[in-house]
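Student: Quick one: this structure, given as structure tokens, is what I'll be asking you about.
The values are calculated or read from the model by the stated rules, or taken from the named source; none is laboratory data. Here the structure is a predicted model, which is why all the values come from computation and not from measurement. All Cβ positions, glycine included, derive from the backbone under ideal geometry; neighbour counts span all protein chains shown. Calculation scope for accessible area: heavy atoms of the full protein, side chains included, ligands and nucleic acids excluded. Shrake-Rupley method; radii C 1.70, N 1.55, O 1.52, S 1.80 Å.
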Amino acid sequence: MPSLKDLRLRIVSVKSTRKITSAMKMVAASKLRRAQTAAEAARPFAERMERMLGTLAGSLAGQAGAPAMLAGNGKSDVHLIVMVTADRGLCGGFNSSIVRDVRRMTAELIGQGKTVKILPVGRKGREQIKRDFGSNLIEGFEGLGRKGITFPEADMVAAKVASMFEAGEFDVCTVVYNRFQSAISQIVTRQQLIPFAVAAGEEKSGELKATYEFEPNEEEILATLVPRNLAIQVFRATLESQASEQGARMTAMDNATRNAGDMINGLTIKYNRSRQAQITKELIEIISGAEAL
Amino acid sequence: MAEKIQFELVSPAKLLVSEAVDMVVVPGSEGDFGALAMHAPMITTVRPGVIDVHDGGKVGKRIFVAGGFAEVNEERVTVLAEEAIPVTEITADLVSSRLQEAREAVADAKSDAEKAVAAQRLLVATALEAAAR
């Protein structure tokens with residue numbers, strides 16, 4: 001049975017924890033609003049870019065001379081996984097769900113006899129995956145987008161991926177990130193970046209349409225469009241991930257605040273009961289003492 | 001004209017314009033082109049310049065774009081711009097600061113890649129200046 005003083009201290013400590021979690025919830029909520037607008041605003045561009053590239057890829061399909069970044073280099077021995085997580089914790093299952101997916105994917109690929117390289121974006125993912133696949137990790141990025149991610153930052157990541165591809169360090173690149181659905185649900189998404197994966201439905205509609213004219217010519221457009229697309233897709237993944245992070249944190253902190261509240265109630269009842277029990281005990285002692293005289 | 005063409009202008013940050021208009025004049029890398037409804041499908045790169053949106057017999061909106069891509073088909077023009085600013089929002093301050101920054105970048109550039117980036121920035125800034133006039 002804890003003493004009254006212990007209980008009092010417990011209550012104080014839980015109360016201050018509640019203050020912290022509820023403040024974090026508010027901060028996350030306001031950041032979420034900004035991040036969500038940014039993520040939703042970036043969707044149309046990325047989607048149209050994909051559609052345009054899909055058309056191009058469709059019209060170039062089967063032709064030699066398509067850039068390797070679009071068509072792949074014909075191999076799939078070395079996989080690069082770009083793992084987008086947060087730099088900070090305290091956001092529920094946000095980071096762990098990404099790490100779990102990456103872990104499963106890595107194990108699968110290794111089982112198929114492939115080599116896997118993991119490029120972590122964000123500190124938390126790196127820390128969590130180090131234990132199982134530390135040897136697969138390569139130099140990643142941390143501290144991106146402290147004040148909301150900007151395009152040049154995403155471009156930096158994309159540039160690294162592109163230069164690695166040109167150096168022949170991997171054959172297939174997939175990005176794993178949390179797609180923002182709502183504040184309480186984020187979907188772990190795998191998106192293949194290299195070679196460019198054309199959605200099955202899109203390819204068909206591309207065939208039905210008339211062939212496109214290209215100005216200046218297909219190669220030149222592709223040469224600029226393909227790296228651009230890579231940067232855009234990375235940008236979009238980071239934006240989505242950022243919005244998801246704030247959403248996840250808001251939900252997690254909301255739960256924590258509520259739990260702290262419940263705990264305070266429980267502790268307060270316990271405190272009052274034991275206080276009363278003690279008073280009763282003292283009274284009995286005084287009365288029985290008086291009677292004995 | 002009865003038929004209209006759906007004009008969409010998107011930048012990485014947001015969807016800027018999405019409306020049905022009569023004609024769009026886009027600064028393609030090989031010359032300006034006007035896109036009307038039933039235009040032959042085409043994909044082209046866009047150089048820094050001004051997009052004129054024609055609607056109801058006059059030029060409605062004028063928007064500066066800093067390069068990008070355009071996709072045209074029978075019912076739609078999609079311009080993917082790296083940056084887009086409505087011409088009415090271009091100020092002299094913006095133009096001069098951009099020009100100065102670009103010139104500094106050109107002067108500071110060391111590697112070939114940096115030089116290319118800086119030259120591109122100067123090109124954009126010069127086009128912006130031209131658009132403001």
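Student: Please state the charge dipole magnitude for chain B, taken about the Cα centre, from unit charges on C-beta atoms (+1 on K and R, -1 on D and E), reported in debye and rounded to the nearest 20.
Tutor: Details: 13 positive and 21 negative charges, 52 e Å.
Dipole magnitude for chain B comes out near 260 debye.
Student: Once the principal axes of the Cα atoms of the protein assembly as shown are found, what is the range along each, listed largest first in whole angstroms?
Tutor: Dimensions of the protein assembly as shown along the principal axes of its Cα atoms: 115, 57, 49 Å.
Student: Given the convex hull over the Cα atoms of the stretch A:151-293, what projected area results after averaging over all orientations, in nm²?
Tutor: Details: hull surface 64.6 nm².
So the Cα hull casts an average projection of 16.2 nm².
Student: Just to confirm the number: angle between the C-alpha axis of helix B:112-132 and the first principal axis of chain B, 0 to 90 degrees, nearest 10?
Tutor: Roughly 60 degrees between the two axes.
Student: Below 16 Å, Cα to Cα, which aspartates and glutamates can A:Lys31 reach? Residues fewer than 8 away in the same chain don't count.
Tutor: Result set, ordered by chain and number: A:Glu40, A:Asp87, A:Glu240, A:Glu245, A:Asp254.
Student: Here is the link list: A:Lys160/B:Lys115; A:Lys75/A:Lys160; A:Lys117/B:Lys115; A:Lys25/A:Lys124; A:Lys117/B:Lys14. Which ones come out longer than 24 Å on Cα distance?
Tutor: On the way: A:Lys160/B:Lys115 19 Å; A:Lys75/A:Lys160 20 Å; A:Lys117/B:Lys115 32 Å; A:Lys25/A:Lys124 20 Å; A:Lys117/B:Lys14 33 Å.
Going by Cα-Cα distance, A:Lys117/B:Lys115; A:Lys117/B:Lys14 fall outside the 24 Å limit.
Student: Here is a follow-up. Determine, at each q value in 0.14, 0.21, 0.27 (inverse angstroms), the log₁₀ of I(q)/I(0) that the Debye formula gives when each Cα of the stretch A:89-132 is one equal point scatterer.
Tutor: The Cα Debye sum returns log10 ratios of -0.33, -0.69, -1.00.
Student: Measure nothing but the geometry: give the 0 to 90° angle between the long axis through the Cα atoms of A:4-60 and the longest principal axis through the Cα atoms of chain A, rounded to 10°.
Tutor: 10 degrees
Student: Which residue fluctuates the most in chain A, going by a Gaussian network model with Cα springs under 10 Å, if the choices are A:Pro216, A:Pro120, A:Pro152?
Tutor: A:Pro216
Student: Follow-up. Size of the dipole of the stretch A:1-139 about the Cα centre, Lys and Arg at +1 and Asp and Glu at -1 on the beta carbon, nothing else charged, in debye to 20?
Tutor: Working: 25 positive and 11 negative charges, 216 e Å.
My answer is approximately 1040 debye.
Student: Please determine, in degrees from 0 to 90 and to the nearest 10, the orientation of helix B:92-108 with respect to the longest principal axis defined by the Cα atoms of chain B, where the helix direction is its Cα long axis.
Tutor: It works out to around 50 degrees.
Student: So, one more: Write out the chymotrypsin sites (Phe, Trp or Tyr not before Pro) in the stretch B:26-133 meeting two conditions: DSSP loop, and at most 10 other Cβ atoms within 10 Å of their Cβ.
Tutor: Working: sites: B:Phe33, B:Phe64, B:Phe69; in loops: none.
The qualifying sites: there are none.
Student: So how exposed is A:Met105, as accessible area in Å² (1.4 Å probe, rounded to 10)?
Tutor: Near enough 20 Å² of accessible area.
Student: Projected onto the charge dipole of the stretch A:203-293 (+1 at Lys/Arg Cβ, -1 at Asp/Glu Cβ, origin at the Cα centre), which of A:Gln276, A:Pro227, A:Gly247 gives the Cα projection farthest towards the positive end?
Tutor: A:Gln276
Student: With both bridge residues required to lie in the protein assembly as shown, what share of the DSSP beta bridges run antiparallel, to the nearest 5%?
Tutor: Details: 45 of 67 bridges.
Antiparallel bridges: around 65 percent, rounded to the nearest 5.
Student: Give me the compactness ratio for the stretch B:21-89, meaning the Cα radius of gyration over 2.2 N^0.38 Å. Please report the intermediate quantities before stating the final value.
Tutor: Working: Rg = 11.1 Å, N = 69, 2.2 N^0.38 = 11.0 Å.
Working it through for the stretch B:21-89, the quotient is 1.01.
Student: So how strong a dipole does the stretch B:51-125 carry about its Cα centre when Lys and Arg Cβ are +1 and Asp and Glu Cβ are -1, to the nearest 20 debye? Walk me through the intermediate numbers first.
Tutor: Details: 9 positive and 14 negative charges, 44 e Å.
Using Cβ point charges on Lys, Arg, Asp and Glu, the stretch B:51-125 gives about 220 debye.
Student: Let me ask you something else. Hey, if you put +1 on the Cβ of every Lys and Arg and -1 on every Asp and Glu Cβ in the stretch B:13-133, which of B:His54, B:Pro41, B:Ala113 ends up farthest toward the positive end of that dipole?
Tutor: Comparing the listed Cα positions along the dipole, B:Ala113 ranks first.
Student: According to the Cα gyration tensor, what semi-axes, each the square root of 5 times an eigenvalue, does the equivalent ellipsoid of chain B have, listed from largest to smallest in whole Å? Mind showing how you got there, number by number?
Tutor: Working: eigenvalues 173, 51, 24 Å².
Taking √(5λ) for each Cα gyration eigenvalue gives 29, 16, 11 Å.
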